[in-house]
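Undergrad: Shown below is the structure under consideration.
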Amino acid sequence: MLNEERRRSIVERVNRDGRVIVNTLAREYGTSEITIRRDLEILHQRGAVYRTHGGALPIQTSSDADRSLIERELQHPREKLRIAQAAADLVQEGQSVLLDSGSTTTAIARQFRNFKHLTVITNAINIASELSGTAVDVVLTGGILRKNSFSLVGPLAEQSLQHLKADLLFLGVEGLDARFGLSTANMLEAELNRAMVNSAHQVIAVCDSSKFGRRSLSPIVPIEAIHQVITDRQAPPKTLEELRRSGLKITTV
């Protein structure tokens with residue numbers, strides 16, 4: 001079987017079965033796992049499948065954005081907690097902090113509950129709820145509600161950020177690639193995230209290692225637009241070194 005024939009067959013299997021696994025494909029096509037991984041990377045770059053750890057998913061259903069926030073919070077909870085604690089250590093009383101929607105930024109918001117003088121700006125109604133009843137001042141953007149993610153998006157949300165400035169932005173992403181930059185699956189989320197970047201003095205990407213190497217549908221900003229990345233120790237060393245060479249500060253927890 002020629003390479004392109006095999007890759008077309010893989011795309012058909014992904015769309016038919018809902019997922020594929022590297023070792024299963026290698027066995028069924030009679031080739032090495034290295035070859036299958038290369039096939040999946042090529043198909044991912046073409047936008048034909050969505051590469052995941054150990055396999056691939058259909059492009060139309062592969063995004064974390066299609067899963068509920070509760071489902072996403074169950075993924076890598078220990079890593080997200082350590083990332084959240086490291087993020088909170090960077091925050092000082094009296095500062096203003098931007099948090100976008102997501103399971104990792106929700107974990108960060110929970111670390112803020114004991115602050116006495118802090119302002120949090122967010123488009124996530126669940127984060128606003130997490131901080132209700134605390135001393136933290138919460139500014140909630142307006143916008144259109146995305147029900148699965150509890151986030152507010154659209155022109156109204158973007159316009160509200162034009163009148164606000166924050167010391168720090170903690171930005172959760174679905175994809176972080178050293179060359180492609182930061183990305184997410186939802187175009188409205190990407191637009192809002194760019195507005196958040198423009199409103200923040202310092203931009204810190206927060207994501208577990210499963211997000212590394214992913215290129216989701218909608219680019220947010222290039223790597224050069226952020227200042228720091230907080231991730232877990234399972235992040236690929238080669239990518240981390242590439243990010244350091246770009247001038248980013250990397251914190252692994």
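Values in this text are rule-based calculations from the coordinates and carry no lab data. Just so we're clear, the structure is a prediction, and the values are computed from it rather than from any experiment. All Cβ positions, glycine included, derive from the backbone under ideal geometry; neighbour counts span all protein chains shown.
Undergrad: Can you give me the long-range amide H partners of residue 181? Hydrogens built in the peptide plane at 1.01 Å from N, cutoff under 5 Å, separation of 5 or more residues or another chain.
TA: Those lying under 5 Å, H to H, from residue 181 are 223.
Undergrad: DSSP loop trypsin sites (Lys or Arg not before Pro) in the stretch 87-148 with at most 11 other Cβ atoms within 10 Å of their Cβ, which ones?
TA: 116, 147
Undergrad: Using the crude model of +1 on Lys and Arg Cβ and -1 on Asp and Glu Cβ, and no other charge, please compute the dipole size for the chain relative to its Cα centre, in debye to 20.
TA: Working: 32 positive and 29 negative charges, 96 e Å.
Dipole size: approximately 460 debye.
Undergrad: Applying 1/(1 + (r/R0)^6) with R0 = 25 Å to the Cβ-Cβ distance of residue 27 and residue 3, what FRET efficiency is obtained, to the nearest 0.05? Present the calculation step by step, with values, prior to reporting the outcome.
TA: Working: r = 18 Å, r/R0 = 0.71.
The pair residue 27/residue 3 has a calculated efficiency of 0.90.
Undergrad: What FRET efficiency do you get for residue 114 and residue 241 if R0 is 22 Å and r is their Cβ-Cβ distance, rounded to the nearest 0.05?
TA: With R0 = 22 Å, the Cβ-Cβ based efficiency is 0.05.
Undergrad: Let me ask something additional. What order, most packed first, do the peptides 3-15, 181-193 have when packing is the mean number of other Cβ atoms within 10 Å of each residue?
TA: Per-residue mean Cβ counts within 10 Å order the peptides as 181-193, 3-15.
Undergrad: Can you sort 167, 177, 208, 100 from fewest to most other Cβ atoms within 10 Å of each residue's own Cβ?
TA: Taking fewest neighbouring Cβ atoms as first place, the list is 167, 177, 208, 100.
Undergrad: Separate question: Pairs on different chains or at least eight residues apart, Cα atoms closer than 27 Å: how many lysine pairs in the chain fit?
TA: 13
Undergrad: Still on this structure, I have one more. Would you work out the relative contact order for the chain, in percent, from Cα pairs under 8 angstrom that are 6 or more residues apart?
TA: Rounded, it is 15 percent for the chain.
Undergrad: Enumerate the amide H contacts of residue 200 below 5 Å, restricted to partners 5 or more residues apart or on another chain; note that Pro and chain-start residues carry no placed amide H.
TA: 166
Undergrad: If each DSSP helix of 4+ residues adds -39,500 (n - 2.57) and the sum is divided by the residues in the chain, what number results at 222 nm, nearest 500 deg cm²/dmol?
TA: Result for the chain, helices only: -11500 deg cm²/dmol.
Undergrad: When DSSP beta bridges are limited to those with both residues in the stretch 75-165, what percentage is antiparallel, rounded to the nearest 5?
TA: Close to 35 percent.
Undergrad: Among bridges DSSP assigns within the chain, what percent are antiparallel (round to 5)?
TA: Rounded to the nearest five, the antiparallel share is 40 percent.
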